[in-house]
Every structure is written in structure tokens, then in C-alpha cells.
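**Student:** I'd like to ask you about the structure that follows.
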Amino acid sequence: GAGVSQSPSNKVTEKGKDVELRCDPISGHTALYWYRQSLGQGLEFLIYFQGNSAPDKSGLPSDRFSAERTGGSVSTLTIQRTQQEDSAVYLCASSLGPRAGGQETQYFGPGTRLLVL
Amino acid sequence: QKEVEQNSGPLSVPEGAIASLNCTYSDRGSQSFFWYRQYSGKSPELIMFIYSNGDKEDGRFTAQLNKASQYVSLLIRDSQPSDSATYLCAVSSSGNQFYFGTGTSLTVIP
């Protein structure tokens with residue numbers, strides 16, 4: 001079946017502009033995650049959605065970052081007034097959701113490479 | 001703070017050797033453990049997951065988990081140049097959040 005898809009694959013923007021990044025999770029996956037990975041760095045957790053529950057926004061680095069998930073499927077990550085330090089690869093992942101025993105597997109999309117000039 | 005630590009490497013092994021990648025974690029409540037492989041410029045791809053103490057084998061890969069020592073490892077037998085990548089360890093306690101290490105860079109020398 002289809003995996004996690006993200007768009008655009010690459011985005012170049014000017015400092016101060018807003019950008020929207022899209023994620024389509026695997027069909028049937030209730031959990032959706034956004035991560036950021038800067039060059040040569042590990043994965044930085046941004047936000048987590050599970051079903052209709054309130055999202056876990058604890059990883060968002062500033063109030064310029066926001067995300068929503070419509071209909072429990074597609075998610076959009078919005079960065080307002082972009083800064084050069086926002087340049088990174090933004091990765092989306094989805095999973096079936098938490099289950100008893102914590103047995104869970106996450107699958108990643110190809111990422112959106114954001115460059116803020 | 002929940003932490004996952006990996007030796008950043010780089011780790012170099014000759015082709016055909018065993019590569020051993022290690023990961024420690026701080027949260028004793030962790031229940032699920034994952035190894036991801038990430039090629040340069042690509043997104044992470046799942047290699048293996050392990051939930052129970054002991055060894056789990058899948059082809060040339062073996063994951064080892066020791067919850068008492070809070071330690072999980074990945075062994076790659078008969079290493080191939082195509083195994084050259086960064087290996088990420090991830091830990092989850094409830095399936096809500098996954099905590100990733102910074103990764104170990106592996107180079108397999110032909």
C-alpha cells in the first residue's frame with residue numbers, strides 16, 4: 001500500500017514569509033508525528049496527533065510553529081515569519097496508534113527540505 | 001528528561017565483519033525499542049523493533065535488549081558496503097512519543 005507522503009519535497013522561501021508543509025499519513029493510521037532534522041543532527045520532535053485527542057505540542061520551538069490535522073488524516077505544519085534557523089528537513093511519520101504494551105511502529109515520509117534565505 | 005544515547009561514531013568495519021551498534025536509554029518505563037537506518041539525504045526506514053528482553057534476529061540483523069541495564073543493541077553480520085548509513089535508536093514508553101538518539105554513523109569498507 002501507499003506509504004506516508006509529504007509535499008512539497010523541497011521549499012525555498014525568503015526570511016519572513018510563511019510556509020505550509022503537508023503530510024498524508026498511511027491510511028488507517030491514527031497517530032501522526034512531525035519531526036525536524038537539521039543537517040547532521042538527530043530527530044527533534046515537534047508535535048503529535050492521536051485520533052481526535054488534543055495534540056501534544058510540547059516540541060514546537062516557538063509560537064511561529066503550528067500544526068493541524070483535518071478529519072484525522074492529512075496534517076499541515078505551518079511556520080510563520082520564517083527565520084534562517086528554520087532551515088531543516090521536516091519529517092512526518094504515522095503509526096497505528098498506541099496499543100497495549102506499547103507495541104507500536106512508526107513509518108516516515110520522505111520529508112520536506114526547507115531552505116530559508 | 002527522557003534520553004536516548006548513542007555513540008555518534010563514525011564506526012568503520014571491513015566488509016564481511018560484524019558491526020555492533022549500541023544504545024542506552026534513561027526511562028525505565030520504556031516498552032518498545034526500534035532501530036532505523038537513514039541513508040544520507042533520505043528519511044529513516046525501520047529495520048527492526050524489539051519489545052522483550054533477549055535477542056531478536058531478522059536476516060543479517062540481530063537486536064538485543066536488556067531492560068535491567070537499559071541497553072539495546074543492533075548487530076549486523078556479514079556487513080556490506082550498502083549497510084553504510086546512520087543508524088538511529090528510538091524508544092517509546094506508551095506509543096505516544098518516540099525518543100530518538102542522535103544516531104551512529106557506520107561505514108563498511110570494501
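Please treat every number below as a calculation from the coordinates, not as lab data. No experiment lies behind these values; they were computed from the predicted model shown. Cβ sites come from the backbone with ideal geometry, for glycine too, and all protein chains shown count toward neighbours.
**Student:** Given an 8 Å cut-off on Cα distances and at least 6 residues of separation, report the relative contact order of segment B:13-80 as a percent. Could you put the intermediate results ahead of the total?
**Tutor:** Working: 119 pairs, mean separation 27.8, N = 68.
Relative contact order, segment B:13-80: 41 percent.
**Student:** Say we join alpha carbon atoms closer than 10 Å with springs in a Gaussian network model of chain B; which of B:Gly54, B:Gly41, B:Gly29 then has the biggest fluctuation?
**Tutor:** Ranking B:Gly54, B:Gly41, B:Gly29 by mean-square fluctuation puts B:Gly41 first.
**Student:** Where both partners of a DSSP beta bridge lie in chain B, what percent of those bridges are antiparallel, to the nearest 5?
**Tutor:** Close to 90 percent.
**Student:** Pick from A:Ser75, A:Ser62, A:Ser87: which residue has the top mean-square fluctuation in a GNM of chain A where Cα pairs under 10 Å get a spring?
**Tutor:** Maximum fluctuation in the GNM of chain A, among the listed residues, is at A:Ser62.
**Student:** If you don't mind, there's one more thing I want to ask. Return the loop-located GluC sites (Glu not before Pro) in segment A:16-93 (DSSP other than H, G, I, E, B) with at most 16 other Cβ atoms within 10 Å of their own Cβ; answer none if there are none. Mind dumping the intermediate values first?
**Tutor:** Values: sites: A:Glu20, A:Glu44, A:Glu68, A:Glu85; in loops: none.
Here no GluC sites (Glu not before Pro) fit, given the DSSP loop and packing criteria.
**Student:** How high is the relative contact order of chain A, in percent, counting Cα pairs under 8 Å that sit 6 or more residues apart?
**Tutor:** Dividing the mean separation by the residue count of chain A yields 37 percent.
**Student:** Connecting C-alpha atoms closer than 10 Å in a GNM of chain A, tell me which of A:Thr82, A:Thr105, A:Thr13 has the biggest fluctuation.
**Tutor:** A:Thr105
**Student:** Kirkwood hydrodynamic radius (Cα pairs, Å) of chain A? Mind dumping the intermediate values first?
**Tutor:** Values: mean 1/r = 0.0698 Å⁻¹.
One decimal place: 14.3 Å for the Kirkwood radius.
**Student:** Still on this model: From Cα pairs below 8 angstrom and at least 6 apart in sequence, can you work out the relative contact order of segment B:42-110, rounded to a whole percent?
**Tutor:** Answer for segment B:42-110 is 21 percent.
**Student:** Still on this structure, I have one more. Among DSSP beta bridges lying fully in the protein assembly as shown, give the percent that are antiparallel, nearest 5. Numbers along the way, then the final one.
**Tutor:** Working: 71 of 79 bridges.
Roughly 90 percent of the DSSP beta bridges within the protein assembly as shown come out antiparallel.
**Student:** In nm, to one decimal, how far is the modelled label at B:Ile18 from the one at A:Glu85, with both set 7 Å along Cα→Cβ?
**Tutor:** 4.4 nm
**Student:** Take B:Ile47, B:Ile109, A:Ile47 and order them by how many other Cβ atoms sit within 10 Å, fewest up front.
**Tutor:** Least crowded to most crowded, the residues run B:Ile109, B:Ile47, A:Ile47.
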